[in-house]
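Bear in mind these aren't lab numbers, they're just calculated from the coordinates by the rules spelled out. Values in this document were obtained by computation on a predicted structure and should not be read as measured data. Please note: Cβ atoms are built from the backbone with ideal geometry, for glycine as well, and neighbour counts cover all protein chains shown.
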Amino acid sequence: MYALEMFEITKEFPGVKALDRVSFKVKKGEIHALCGENGAGKSTLMKVLSGLYPAGSYSGEIRIHGQTMRFRNIVDAEKAGIAIIHQELALVKEMTVGENLFLGREPKKFGVIQWDELYYEATRWLQKVGLNISPQTKIQSLGIGQQQLVEIAKALAKQANILILDEPTAALTESEVEILMSILEQLRNEGVACIYISHKMPEVFRLADSITVLRDGKSIATLSRKETNEDQIVSLMVGRELTERYPYVARKPKEVVLEVKNYSVWHKDKPVKVNDNVHLSVRKGEIIGIAGLMGAGRTELVMSLFGAYEGKAEGSVQINGKEVRIRSVQDAIRAGIALVTEDRKRLGLVLGMDVKTNTTLASLKEISKFGIINQNEELKWSQKYVDELKTKTSSIETPVGTLSGGNQQKVVLAKWLMAKPKILILDEPTRGIDVGAKYEIYHLMNKLAQEGVAIIMISSELPEILGMSDRILVMREGRIVREFTHDQATQENIMMAATGGK
Ligand SMILES: Nc1ncnc2c1ncn2[C@@H]1O[C@H](COP(=O)(O)OP(=O)(O)OP(=O)(O)O)[C@@H](O)[C@H]1O
Ligand SMILES: [Mg+2]
């Protein structure tokens, strides 16, 4: 018996057929992974299922436990037992955790919210996801990983029997991922049908019972995990064989471009240091990788160097041998630094504006004359990056907010590449990016290094760090604790240094 059947779903946006007669079935008590490249249609299919795109805005049929459904909105879908955790977090930052968990479904008596009951219930669901925080905590004071767990608790509190997770682990630490995995395994035993979207193959192969692959809005295949393997899924996704994953080339880096000495960064509101006495240098044409567990202070370090961290910093920063003071993002850009962050909304993109405007945003000087933007240049450059990165967009005049998650990340990358930085800092540059596109980004990094850019890459994916860096720095508790050359580094010795193990 299927918990869910979707037949011949077609969904079009102006100029894009996002879904083309997709059929998709999930059994009760099954974890079903949905895989596909950026823009393949995964999130769209789930938005159709969860009522975000109402009946009538797509064609095809949805059956829940054998019964045909026509959801007019999310509430209808929730009533049918469907809960979705979106790719982009959607909690109300100013409200408490408890308020968020029961938003719109607050326990009431005679129309009055029963706060004691609400917070009591909230505590129960928080415990279920392993979060030891007060339900009266404001969302804004939580880290992204904790917020993600709150989202999961919220979905569980709805007692859904069809649970959708759209890239739920992108922002989780290793231990949070473990918690999530065991929650999902438990839910499977309780008979919940779970749809799991992820670009991380090891997770998919650990959890999923079945795997469906979408490509260009079409369903390509559904396979049981036992009868397939990673290589097969990847080639179904990209439509070709992918042999080499990391195109490392040995390089001969030149003179030092960035030199950081005795650099410490203070927490933005607590009297503690998030970075303590950091020393690092990067050469022209060199790629260095910074490894470490989440919370090791890597993001704070690069944000601070980029003038985008609120906490005070002290120590010395030299660019091409000259001492610089970077107090703002403007200072950083002027000094030739660019930062591609994992937080697309905050430092990366203006979602309401189109691809070309976002691409050229950090390079307006280059394409303007007397303060007037040369529109031909704007078109030419943004089209060039769309082609080079194979960004999937119907045109360069499409608002970036309507692109798929991974394609938005490519636009952020394009924006900073175009700014022609001397020093390019990449913070988790391939998070949420599919395997094929990752490869294109790696090639581009090699090309930039070749052209003399000094590159710093933070990544939580060790194979990526190992596969791309000339040197690897390992951070733990705000300090750089080890350095390896490309040849010395292994997954084991990096992990050992990152965790402080022996
Ligand atoms: N609201 C929208 N308006 C216009 N086009 C859209 C909209 N939402 C999605 N699309 C387009 O539909 C296609 C499928 O997008 P979708 O977000 O479903 O991809 P995805 O498989 O989730 O990708 P990713 O792995 O990057 O998250 C893309 O080409 C995207 O640009
Ligand atoms: Mg998506």
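For this structure, a couple of remarks:
- Counted by Cβ distance under 15 Å from Ala160, the other residues give a net charge of +1, where Lys and Arg count +1 and Asp and Glu count -1.
- For Glu323, neighbours were defined as the other residues whose beta-carbon sits under 14 Å from its Cβ, and their charges (Lys and Arg +1, Asp and Glu -1) total +1.
- For the stretch 57-68, backbone phi angles converted through the Karplus equation (6.51, -1.76, 1.60; θ = phi - 60°) give residue-by-residue couplings of 8, 9, 10, x, 10, 10, 10, 10, 6, x, 9, 5 Hz, Gly and Pro being listed as x.
- If only the Cβ of Lys and Arg carry +1 and only the Cβ of Asp and Glu carry -1, the dipole of the stretch 139-256 around its Cα centre is close to 320 debye.
- Cleavage-rule hits (GluC sites (Glu not before Pro)) in the stretch 44-123: DSSP loop, at most 15 neighbouring Cβ within 10 angstrom: Glu88, Glu94
- Å³ per residue enclosed by the Cα convex hull of the stretch 1-133: 166
- For the stretch 2-238, the share of DSSP beta bridges that are antiparallel, to the nearest 5, is 60%.
- Listed residue (Val411, Ile373, Ile396) projecting farthest to the positive dipole end of the stretch 345-420, Cβ model: Val411
- Loop-located chymotrypsin sites (Phe, Trp or Tyr not before Pro) in the stretch 275-376 (DSSP state not H, G, I, E or B) with no more than 11 neighbouring Cβ atoms inside 10 Å: Phe370.
- Annotation for the stretch 245-274: chymotrypsin sites (Phe, Trp or Tyr not before Pro) lying in DSSP loop with at most 16 further Cβ atoms inside 10 Å of their Cβ are Tyr248.
- Under conditions of 4 °C and 1.567 mPa s, the stretch 345-420 yields 107 µm² s⁻¹ as its translational diffusion coefficient, taking Rh as the Kirkwood radius over Cα pairs in the Stokes-Einstein equation.
- Computed on the chain, with alpha-carbon pairs under 8 angstrom and 6+ residues apart, the relative contact order is 16 percent.
- Charging the Cβ of each Asp and Glu at -1 and of each Lys and Arg at +1, and nothing else, the dipole of the stretch 345-420 about its Cα centre rounds to 240 debye.
- Pairwise label distance in nanometres, Met353 with Val256, each label 7 Å out on the Cα-Cβ vector: 3.7
- Euclidean distance of C-alpha centroids, the stretch 130-159 and the stretch 440-484, integer Å: 32
- Farthest toward positive dipole pole in the chain [+1 Lys/Arg, -1 Asp/Glu at C-beta], among Thr360, Gly51, Ala90: Thr360
- With Cα atoms, 0 to 90° folded angle of helix 144-157 axis to the chain main axis: 0
- Of all beta bridges that DSSP places with both ends in the chain, some 60 percent have antiparallel geometry.
- Normalising the average separation of contacting C-alpha pairs (under 8 angstrom, six or more residues apart) by the number of residues puts the relative contact order of the stretch 2-238 at 28 percent.
- For the chain, the share of alpha carbon pairs falling in successive 20 Å distance bins from zero is 21, 54, 24, 1 percent.
- Charge tally around Val48: other residues with Cβ under 14 Å, Lys/Arg +1 each, Asp/Glu -1 each, net +1.
- Remark: the chain carries a charge dipole of roughly 700 debye about the Cα centre, counting +1 on each Lys and Arg Cβ and -1 on each Asp and Glu Cβ.
- Amide H contacts under 5 Å for Leu4: Val26, His65, restricted to partners 5 or more places along the chain or on a different chain, H placed in the peptide plane at 1.01 Å from N.
- Take the Cβ atoms of Lys312 and Glu227, set R0 to 41 Å, and the FRET efficiency comes out at 0.10.
- Remark: the Ser175-Asp209 segment gains 10.0 nm on full extension, using 0.36 nm per residue and subtracting the alpha carbon distance.
- Rounded to the nearest 500, the helix-only mean residue ellipticity at 222 nm of the chain stands at -9500 deg cm²/dmol, with each DSSP H run of n ≥ 4 adding -39,500 (n - 2.57).
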